[in-house]
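Contents: one structure, followed by commentary.
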Amino acid sequence: MRRTGLVLLAWLAAVAAAHAGDFMVEKLRIVRTPEGVFLEGRIVYPAWDDPLELEVVATDRGEGVLEVHEGDAWRTVRAVPIPFGVTNFGAATPMRIRLTGGPYRPGEQVPVTFLFPAGALMTARAVVEGRPNHAPWFSALALGLALIAYLRVKTRRRARSG
């Protein structure tokens, strides 16, 4: 069983390497909206290659949900055709990728894997939009240091005046 998995992984890597120069996934970021968490970016696909479909998008926290806008609603699909040229995707485009799992913390870099037909896959990193939240202990530490500095100044003033 282990040998079969290694053979499959080697085959997928070979297919991915063969397609690596054909298309690019770039400008990835993760955006949190009131509707959910979405992956934004673009796929650049040259016109001289075979038709391409995006089948799976996954992060280290779970598989994403591919959605297309039809009329006034969003519909979940199994695959999205990728036209030649530049395809933008995000929360406000006709195609979006809703991310599951989480949490996605601002400033964090998350590995994202894209699976295309015939096992072609691409992995990249997306940054979660927003400012990183400092840990609560950091704020307490800063407050404690400010209090110590204030008390030190105050005791020095008392020593000088008395």
**Study point:** Test: ALA58 is open to solvent by less than 70 Å² (accessible area, probe 1.4 Å), assigned to a strand (DSSP E or B) and in contact with a Pro (Cβ under 8 Å, 6 or more places away or on another chain)
**Key:** no
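Working carefully through the options ALA92, ALA16, ALA10, find the one that is modelled with pLDDT under 90, of a type in the set (A, V, I, L, M) and in a loop (DSSP other than H, G, I, E, B).
ALA92
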Exercise for review: Tell me, please, whether a residue that is surrounded by 15 or more Cβ atoms within 10 Å (Cβ to Cβ) and in a loop (DSSP other than H, G, I, E, B) can be found in region 42-54.
Suggested key: no
Check your understanding: Quick check: is even one residue across region 142-155 among the charged types (D, E, K, R), in a loop (DSSP other than H, G, I, E, B), modelled with pLDDT under 90 and more than 23 Å from the chain's Cα centre (by Cα)?
Key -> no
Check your understanding: Within region 97-116, is even one residue surrounded by fewer than 15 Cβ atoms within 10 Å (Cβ to Cβ), out of contact with any strand residue (DSSP E or B) (no Cβ under 7 Å at 6 or more places or on another chain) and of a type in the set (Gly, Ala, Ser)?
Key -> no
Revision key, fill the gap. Taking region 97-117 and the residues there that are of a type in the set (S, T, N, Q) and either part of a strand (DSSP E or B) or in contact with a Phe, Trp or Tyr (Cβ under 9 Å, 6 or more places away or on another chain) (or both), the one that is farthest from VAL57 (Cα to Cα) would be GLN109
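The values are calculated or read from the model by the stated rules, or taken from the named source; none is laboratory data. Because the structure is a prediction, the values reported are computed rather than measured. So basically every Cβ, Gly included, is an ideal-geometry build from the backbone, and we count neighbours across all protein chains shown. When the accessible area is computed, the model is the full protein with side chains, heavy atoms only, and any ligands, DNA or RNA have been set aside. Shrake-Rupley method; radii C 1.70, N 1.55, O 1.52, S 1.80 Å.
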